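Some notes on the structure that comes next.
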Amino acid sequence: MLSALQEERQVSAVREFNRFYTARLGLLRRRHLDGEFSLTEARMLYEIGANPRMTASSLRQTLGLNAGYVSRTLALLSKRRLVRQAASEQDRREKLLTLTPAGESAVTWLNEHSSLQIHKLLAHVSSADRNVLLESCSKIRSILREPNESSVQIVRLSRFSDPMCNDDAIRLLQEYYEAVSVVQRDTPEAIREIIDGPYSGVWLAYLEGRAVGCVVLKKLGSIPFAGECKRLYVQPDARGHGIADKLLDAQEDFARDNGLRWIYLDSYDDLKVAIALYRRRGYAACERYNDNPQATVFLRKDIQRGM
């Protein structure tokens, strides 16, 4: 049992840390990243871009804001032609939120400048200290997570995995193929080879114990020290929990730890949300590197950069 003095010291230490990081990250400035948006406006645009057709109520829950504030801010963003609001067919009381082209451009600018800010912040931090920092950030999030907040677990499959996990992988991949009309599909045998490969893998995301997402990494034999990110998918009803980012984090960590430098991927123009996600994470345009007949967009990321 903590004494009143011990608890007061702990509260004081957390408040001191809050004052430090809010000033260090420039969160006290009137405009986020010295741009045209407040921090709240920028965060709303980011969440809508990352989770298209999310509702105003889910946005409110994600950000922990009251309904009136969210409604007023959305109205301003809509007036500036950055956000579209459309009534849900399932519940006419709900508004589905999407970004306009101007909104997508604004989010691209915010993501680029936010990444640049953090690059500068970490420029003189050693690799060892970066690892400590990232582990500490993860630990803080875990400790301070709301008791009823959804629990996401990322699992890399192996030849020793529970057979049910393999079944989950096949099921999610089939859903992905149908969702984006994939022509070149992997057979179950090909997936098993990827699972067993030394520089490849399949990751599944579990939300409250249910498999809801996946991503695949394949070794690129034609390019030294490179792998290919494929089949990133999160079930629609599980979006809004940062699962796609968690899957890509796990994949990139594995690739980096196994000596890969580059991760390549392809997409096509209609998958704007996915492309925006990749660009936000540092993937940049590159030349065509495969013969996928459906692909129109080719990106790659240097995962060792800055390490």
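The values are calculated or read from the model by the stated rules, or taken from the named source; none is laboratory data. Just so we're clear, the structure is a prediction, and the values are computed from it rather than from any experiment. Backbone-built Cβ (ideal geometry, glycine too); neighbour counts: all protein chains shown.
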Quiz item: Quick one: would you say Gly259 is over 30 Å from Leu59 (Cβ atoms) and modelled with pLDDT under 90?
Solution: yes
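Residue by residue, here is whether (1) on the phi > 0 side of the Ramachandran plot; (2) surrounded by 14 or more Cβ atoms within 10 Å (Cβ to Cβ); (3) modelled with pLDDT of 85 or more; (4) over 15 Å from the mean Cα position of the chain (by Cα) holds:
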{"position": "Ser151", "(1), (2), (3), (4)": "no, no, no, yes"}
{"position": "Asn166", "(1), (2), (3), (4)": "no, yes, no, yes"}
{"position": "Glu178", "(1), (2), (3), (4)": "no, no, yes, yes"}
{"position": "Asp196", "(1), (2), (3), (4)": "no, no, no, yes"}
{"position": "Ser222", "(1), (2), (3), (4)": "no, no, yes, yes"}
{"position": "Asp237", "(1), (2), (3), (4)": "no, no, yes, yes"}
{"position": "Glu252", "(1), (2), (3), (4)": "no, yes, yes, no"}
{"position": "Ala255", "(1), (2), (3), (4)": "no, yes, yes, yes"}
Exercise. Could you check how many residues of the stretch 237-265 are assigned to a loop (DSSP other than H, G, I, E, B) and under 19 Å from Leu220 (Cβ atoms)?
Key: 4
Quiz item: Across the stretch 1-29, which residue is farthest from His113 (Cα to Cα) among those that are in a helix (DSSP H, G or I), without any contact (Cβ under 8 Å) to a residue 60 or more places away in the chain and among the basic types (Lys, Arg)?
Solution: Arg9
Self-check item: Checking Ser115 against (1) among the polar types (S, T, N, Q); (2) surrounded by 10 or more Cβ atoms within 10 Å (Cβ to Cβ); (3) at pLDDT below 85, the condition it does not meet
Solution: (3)
Practice problem: Please specify each residue of the stretch 39-71 satisfying the condition of being basic (Lys, Arg), closer than 19 Å to Ala87 by Cα and not in a loop (DSSP other than H, G, I, E, B). | Solution: Arg60
Exercise. Go through the residues of the stretch 41-60 one by one and say whether even a single one is under 25 Å from the mean Cα position of the chain (by Cα), under 23 Å from Lys272 (Cα atoms), of a type in the set (A, V, I, L, M) and exposed (fewer than 14 other Cβ atoms within 10 Å of the Cβ).
Key: no
